[in-house]
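Notes for the one structure printed next.
The values are calculated or read from the model by the stated rules, or taken from the named source; none is laboratory data. Being a predicted model, the structure only gives us computed values, none of them experimental. Cβ atoms come from the backbone with ideal geometry, glycine included; neighbour counts cover every protein chain shown. For accessibility, only protein heavy atoms count, side chains too; no ligands or nucleic acids. Shrake-Rupley method; radii C 1.70, N 1.55, O 1.52, S 1.80 Å.
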Amino acid sequence: MDTLIRRARNPLLLLALLGTTAAAPDPERARWQAQAERVTITRDDWGIPHIHGRSDADAVFGMSYAQAEDDFARIEANYLTALGRTAEADGEEALWGDLRQRLFVDPAALRQDYARSPAWLRALMQAWADGLNFYLATHPQVKPKVLTRFEPWMALSFTEGSIGGDIERVSLSDLKSFYGSPTPPTPEERGVVPREPSGSNGIAIAPKLTADGRALLLINPHTSFYFRSEAQVTSDAGLNAYGASTWGQFFVYQGFNAQAGWMHTSATVDNVDAFAERILRKGDGWAYRYGDEMRAVQAQAVTLRYRKPDGSLGERRFTTWRTHHGPIVAAKDGRWIAMALMWRPIPALEQSFLRTKATDLASYLKVAERKANSSNDTLFADAKGEIAFLMPQFMPVRDDRFDYTRPVDGSDPATDWKGLHSLASLPSVLNPNTGWAHNTNDWPWQAAGPDSPRAKDYPRYMDQVGGNARGVHADLLLTGKSGWTAEKLRAAAFDPYLPAFARLVPDLVKAWRALPEADPRRAALAAPIATLAGWDYRWRADSAATSLAIFWGDQLWREVGSFAQAERRNVPDYIAAKVDAPTQLAALSAAVDRLSRDFGTWRTPWGEINRFQRLDDTLQPHFDDGRPSTPVPFTSAQWGSLASFGAKAWPGTKRYYGTSGNSFVAVVSFGRRVEASAVMAGGQSGDAASRHFADQIDRYAAGALRKVYFYPDELTGHVERRYRPGDPAALGR
């Protein structure tokens, strides 16, 4: 059959062949084929698709089709998560993640939302589903685990491209304890196991600080690897967006168009709140106190399916509960905990798509008035020379007397949300006099140096995390600097300084020097201390000091991470404030011993330990010290490295292998013509047989960005192939 399809050059013949491979009605196949004829996909020499359609819907059709060509498995996995159906593929233990999702995501409600969506948005959702279904119809060799057909309403389940949605703040252990059986927190939830900080870096620089008078933007998401797809999406209706999209979504999440660019970073705001409800039994149900009244706790049945070991499907039925604050997700100290978060699928999807067509700051802010972005700070720059740092626009107004970082008393009406903040009342920064703005998943109070908003002028809930070492690093690089170029901004994104160790190592050296002369630790640690004392606090692949510092820091991270988490501090701050000298010295001894045991000497260069490896196309990472890998010089973001590489030893390995951090890096310059360069982790394709599966690894590790072909004349000479979706000549590739 594949051979016949590849030989079928006539679209009508292809249509006839499709009739034997799919169960879709003939009119639907005809619609797919007609839309495919209005779409062109051009793959450049890095395999990146440049998609053009007559309408925006045509472009979306082509975008979803091209994404499926590159990695259908990740698209399906993302939508199984978003729809609460992962257990249908992965088995019974995944039910709890599905239940968490279904507390908020109701397929019946999403169908209703789709029906009442504006016509232009319905057209995009229909095109999105059609593109994926057309891909499956033309690729019968692809066998979905669960989702054999996509419905347009499904797009409303996954409307933000964030690493983890707000829903993931709900503890699965707490959820399982409430709706299932008592379950202790996992080591990850307790902070015992080091967990790489998630988030991103964004930097915007105004023309007055650049060498050529053009605004600059750094786009540097820190996600799990292979989480985003790179593409350019254009239409005759004015769409022309380039950048990183989360697999399965039909909008460029972090990127730029010919006039403007946007970089999203995970925000530190507190806009997901827990309410402790006073519950009483009432007949066959429950009631909760709210002020002077008792209200009924609403019950809702949720039925989930799961894959059994023999491959068949089982079902499990849950009765879930909710108050007006939100669904019940846990029980603490005799109270039921309701979770309140943003769930506004239609405006969220509208905002995510429409901002890609904004051409300046004013039009971007107009789109943002939908107030349906809850988790993202934004760094913005445009060809007019405007730059901005923008807070998430979904910001509930609350009574600042209460500490919303902890569950608040749900029986007190004063704790309720009271509408949303206006955009003008948020601690954003527009066109700061400093000429720069940044965010590294830190508080907004350092976003633009002295032009930053002041914490005392805003409610406490505008930040719940504080600063971090990457923010310190960005401040050092930006303050007082001018003459910026795209290359200087790229170099800054890979600057090797580690401010956390610059702060912590001197105290360690001081602790060693304070030891009595007769203390055996003086002799045992003399050489490692000398190495660290002479270090410039910069990562390098050939640096043994980097290895020693990382292993020392990781040892302390394992020991105090849970305490740091309980106090809502990042690990370096906790070490500096709370870890005594004997503990620091003991951790250094442990680091020396581990390096010597695993690598033969504690003087092992960092590049021998810290590696990038992509063995195959499995979604769950696995690694092998005996297989080829690439040295990576940069480190965990925890220590202040702007270039982030979240790595650790895995089962059966001594080396560290990375799975998250820098996943897409782009530097964009705005002027008469936009200019950009970029690199991504691994490569564009998820197919291990593709030449684009791993063709960017060396550039990624070296921080060597490649030119982005944004305009047709830039693409000329770099075209690998050009085709339409379903083109028989392209089906065998």
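Side notes on the structure shown:
- Rounded, prolate or oblate (a/c below 1.5 giving rounded, otherwise prolate when a/b exceeds b/c) for segment 238-368 by Cα gyration tensor: oblate
- Length gained when the stretch GLN112-ARG597 is fully extended (0.36 nm per residue, less Cα-Cα span): 168.5 nm
- Using a Förster distance of 56 Å, the FRET efficiency for ALA523-VAL397 (Cβ separation, nearest 0.05): 0.35
- Rg followed by Dmax, in Å, when the chain is reduced to its Cα trace: 26.3, 89
- Beyond 27 Å in Cα-Cα separation lie the following of the pairs LYS332/LYS418; LYS456/LYS488; LYS578/LYS654: LYS456/LYS488; LYS578/LYS654.
- Ignoring lysines fewer than eight residues from LYS143 along the same chain, the ones with Cα atoms less than 21 angstrom from its Cα are LYS308.
- The magnitude of the dipole of the chain, with charges of +1 and -1 set on the Cβ of Lys/Arg and Asp/Glu and taken from the Cα centre, is near 220 debye.
- Spacing of the two label points (7 Å from each Cα toward its C-beta) at TRP417 and ARG289, in nm: 2.5 nm
- Among beta bridges that DSSP assigns inside the chain, antiparallel share in %, nearest 5: 90 percent
- Selection among VAL269, SER224, ILE75 by position relative to the dipole of the chain gives ILE75 as farthest towards the positive end (Cβ unit charges, Cα centre).
- Accessible area per residue in Å² at 1.4 Å probe, computed on the chain: 38 Å²
- Gyration tensor verdict on segment 301-407 (Cα atoms; rounded if a/c is under 1.5, prolate if a/b is larger than b/c, oblate otherwise): oblate
- Each of ALA127, THR86, SER117 was placed along the dipole of segment 63-200 (beta-carbon charges, centred on the mean Cα), and the one lying farthest toward the positive end is SER117.
- Cα shape, segment 119-275, gyration tensor, a/c 1.5 rule: oblate
- Rounded to the nearest 10 square angstrom, ASP212 shows an accessible area of 100 square angstrom against a 1.4 Å probe.
- The mean sequence separation of alpha-carbon pairs under 8 Å and at least six residues apart, normalised by the residue count of the chain, gives a relative contact order of 17 percent.
- Cβ-based charge dipole, the chain, positive-most Cα from ALA447, VAL632, TYR709: TYR709
- Inter-label distance, nm, simple model (7 Å from Cα along the C-beta direction), SER312/ASP624: 3.7 nm
- By the rule of a C-alpha distance below 19 Å, with chain neighbours fewer than 8 residues away ignored, the aspartates and glutamates paired with LYS481 are ASP212, GLU386, ASP451, ASP495.
- Linear extension gain, ALA514 paired with GLN141, 0.36 nm per residue minus alpha-carbon span: 127.5 nm
- Net lengthening on full extension, ASP45/GLU720 (0.36 nm per residue, minus Cα-Cα): 242.5 nm
- Each of LYS282 and ALA30 was given a label point 7 Å from its Cα along the Cα-to-Cβ line. The distance between the two points is 5.6 nm.
- Dipole in debye (nearest 20) - segment 259-375, about Cα centre, beta carbon charges: Lys, Arg +1; Asp, Glu -1: 340 debye
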